[in-house]
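Worksheet: the structure to be examined is printed underneath.
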Amino acid sequence: MPAVVIGAGPYGLSAAAHLRARGVPTRVFGEPMASWSTHMPAGMLLKSTADASDIDAPRPGHTLADYCRAAGEPPCASDWDLVPGETFTRYGRWFQRELVPGLERVRVVAVDRGPGGGFEVKLDSGESCAARAVVVATGLTGCAYLPPQLAAAVPGGPTPAGPVSHSSQHPDPAALSGRAVLVVGAGQSALETAVLAAEAGAAVRVVARGRAAVGFGAPPDRQPRLRPRSPFGRAWSLYAFAEYAGAFRFLPAPARHALVRRVLGPLGAWWLRERFTERVRVVQGRALVRAGTGPGGRGAELELAGGAVLAADHIIAATGYRVHLAAMDFLGHELRAALARSGRAPVPLLGAGLESSVPGLYFTGLPAAASYGPLMRFVAGTRFASRRIAASVADG
Ligand SMILES: Cc1cc2nc3c(=O)[nH]c(=O)nc-3n(C[C@H](O)[C@H](O)[C@H](O)COP(=O)(O)OP(=O)(O)OC[C@H]3O[C@@H](n4cnc5c(N)ncnc54)[C@H](O)[C@@H]3O)c2cc1C
């Protein structure tokens with residue numbers, strides 16, 4: 001089998017569709033759109049506009065708007081059409097049925113070098129298969145990030161039953177009804193989690209750390225017309241990241257790492273402002289010192305710089321995702337060691353065609369952001385990534 005794709009989110013599905021369209025026999029493993037169906041809150045809306053939320057396909061007829069038309073869903077075409085997360089999940093599954101038939105809903109548990117070159121891929125079904133090329137498209141899986149002050153409070157890991165959880169652990173905001181909740185973070189995920197919990201009947205405060213400030217983007221009719229359009233909004237810098245993603249990897253490593261973290265920093269979507277302002281309180285401008293359980297081992301408390309202690313039933317860390325090779329525990333030790341040697345560990349450094357320093361091993365989506373920039377954190381990046389991967393594997 002020449003190619004294997006690990007992961008069936010937007011990036012894995014898009015890469016697989018392009019590989020097969022080029023005639024590369026490809027097996028695809030993973031639960032379709034699992035991050036979207038199990039780790040995003042019910043009721044969420046996409047921050048990206050409808051036309052920046054297409055999963056790139058090798059032939060016409062498979063955009064989000066095409067899906068909405070085919071399925072009779074409300075139109076998803078203009079910047080004013082907000083796209084529910086549930087619609088996007090259904091779109092991804094439709095894309096899979098149309099373009100990636102034969103997807104195998106199993107987990108990959110190990111990838112190692114194969115005895116005769118290439119790779120050996122082991123599945124949780126007990127089966128093994130050989131592959132000439134492996135595309136890792138495991139996205140957000142295992143990459144949920146907690147700042148050290150919060151991580152220290154939950155040595156066994158975050159959980160909704162303990163004092164601290166991660167925002168990815170709250171697919172049902174209604175479960176927070178009647179509880180006092182602190183949401184740490186100031187990005188879209190933090191602000192939307194806060195709003196959905198408050199609308200479900202929780203008493204919510206957002207804690208925006210340090211210099212992070214709560215802010216919202218401008219609606220489509222108030223965005224500056226003279227600045228170019230990009231999948232992330234109107235701005236020259238954002239346009240450059242979208243149009244020249246291929247040049248990003250030639251920047252010095254410290255600049256790349258800083259840009260991936262800081263560009264598109266905390267900013268809520270324009271449509272969230274009113275809902276947020278009406279229901280959520282903000283504690284802004286102080287660093288976190290410590291988190292833990294409240295008095296008597298019940299609830300949670302959060303100490304901020306300056307000595308203030310906030311008490312609540314629970315703390316949600318909406319503090320994003322960070323890629324780390326350790327999150328891809330299915331990669332064998334030898335492969336991980338080779339990847340870590342290639343660049344500034346713990347992130348694989350990719351060359352042309354999104355191929356890593358291990359020939360035949362490709363990374364796409366979030367793990368490619370350190371090499372190709374912020375575009376890789378968004379569905380719109382599938383257009384850049386999938387075509388290059390398919391060409392590289394087909395020609396390799
Ligand atoms: C709250 C939130 C809101 C977002 N909103 C937007 C938005 O509006 N617009 C936008 O463009 N992006 C948005 N994003 C980013 C979005 O998550 C990514 O753009 C997109 O999901 C990345 O796709 P992916 O395929 O790389 O990863 P994922 O969607 O995370 O998919 C990974 C897949 O890999 C599978 N997998 C993992 N490990 C294995 C294994 N060992 N074996 C087999 N399968 C495995 C998983 O089951 C899953 O199917 C948002 C993210 C969050 C957290």
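A few notes on this one:
- Note on Ala308/Arg69: beta-carbon distance plugged into 1/(1 + (r/R0)^6) with R0 of 45 Å gives a FRET efficiency of 0.30.
- Sequence-ordered 3J(HN,Hα) estimates for region 299-311 from the Karplus curve with 6.51, -1.76 and 1.60 and θ = phi - 60° stand at x, 8, 9, 10, 9, 10, 4, x, x, 5, 10, 9, 9 Hz, glycine and proline given as x.
- Within the listed set Ser237, Ser53, Ser357, the Gaussian network model of the chain (springs between alpha-carbon atoms below 10 Å) gives the highest mean-square fluctuation for Ser237.
- Mean separation of Cα contacts under 8 Å (6+ apart) over length of the chain, as relative contact order %: 21
- Here the Karplus curve 6.51 cos²θ - 1.76 cosθ + 1.60, taken at θ = phi - 60°, turns the phi angles of region 209-223 into couplings of 6, x, 7, 4, 10, 7, x, 9, x, 8, x, x, 7, 10, 7 Hz, with x standing for Gly and Pro.
- Approximate spin-label separation Asp395-Leu226, in nm, with each point projected 7 Å along Cα-to-Cβ: 4.1
- Calculated FRET value between Glu334 and Glu31, using beta carbons and R₀ = 30 Å, to 0.05: 0.60
- Where both bridge residues fall in the chain, DSSP classifies roughly 45% of the beta bridges as antiparallel.
- Couplings 3J(HN,Hα) of region 35-50, computed from phi: 4, 6, 7, 10, 10, 9, x, 4, x, 6, 10, 5, 7, 6, 6, 4 Hz, in residue order, whole Hz [Karplus 6.51 cos²θ - 1.76 cosθ + 1.60, θ = phi - 60°; x for Gly and Pro].
- In region 265-330, taking the dipole from charged Cβ atoms about the Cα centre, the farthest positive-side position among Gly294, Ala317, Ala305 is held by Ala305.
- Surface share of carbon and sulfur [accessible, 1.4 angstrom probe, percent] for the chain: 54
- Spin-label proximity, Ala130 to region 1-34 - amide N less than 15 Å from point 7 Å beyond Cα toward beta carbon: 1-4
- For Val289, nonlocal amide neighbours, meaning residues 5 or more places apart or on other chains whose placed amide H falls under 5 Å from its own, are Glu303, Leu304, Ala305.
- Among Ala175, Ala15, Ala300: highest mean-square fluctuation, GNM of the chain, C-alpha pairs under 10 Å: Ala175
- Taking all pairs of distinct alpha-carbon atoms in the chain, Kirkwood radius in angstrom: 21.9
- Proximity of backbone amide H atoms, modeled 1.01 Å from N, is registered between Arg107 and Asp124, Ser125 at under 5 Å, excluding neighbours fewer than 5 places apart on the same chain.
- Placing unit charges on the Cβ atoms of the charged side chains and taking the dipole of the chain about its Cα centre, the candidate lying farthest along the positive direction among Phe241, Pro147, Pro359 is Phe241.
- Under the convention that each Lys and Arg Cβ holds +1 and each Asp and Glu Cβ holds -1, the size of the dipole of the chain around its Cα centre is about 980 debye.
- A Gaussian network model of the chain, with springs between Cα atoms under 10 Å, assigns the largest mean-square fluctuation among Tyr372, Tyr11, Tyr244 to Tyr244.
- Backbone amide hydrogens, once placed in the peptide plane, bring Arg209 within less than 5 Å of Gly185, excluding anything fewer than 5 places away on its chain.
- Part-to-part distance (alpha-carbon centres) for region 201-229 and region 317-337, which is given in Å: 30
- Taking every alpha-carbon pair under 8 Å whose residues sit at least 6 apart, region 256-371 reaches a relative contact order of 15 percent.
The values are calculated or read from the model by the stated rules, or taken from the named source; none is laboratory data. Source: prediction; values computed, not measured. Methodologically, a virtual Cβ is constructed for each residue, glycine included, from the backbone with ideal geometry; neighbour enumeration extends over all protein chains shown. Areas reflect the complete protein model, heavy atoms only, side chains present, ligands, DNA and RNA absent. Shrake-Rupley method; radii C 1.70, N 1.55, O 1.52, S 1.80 Å.
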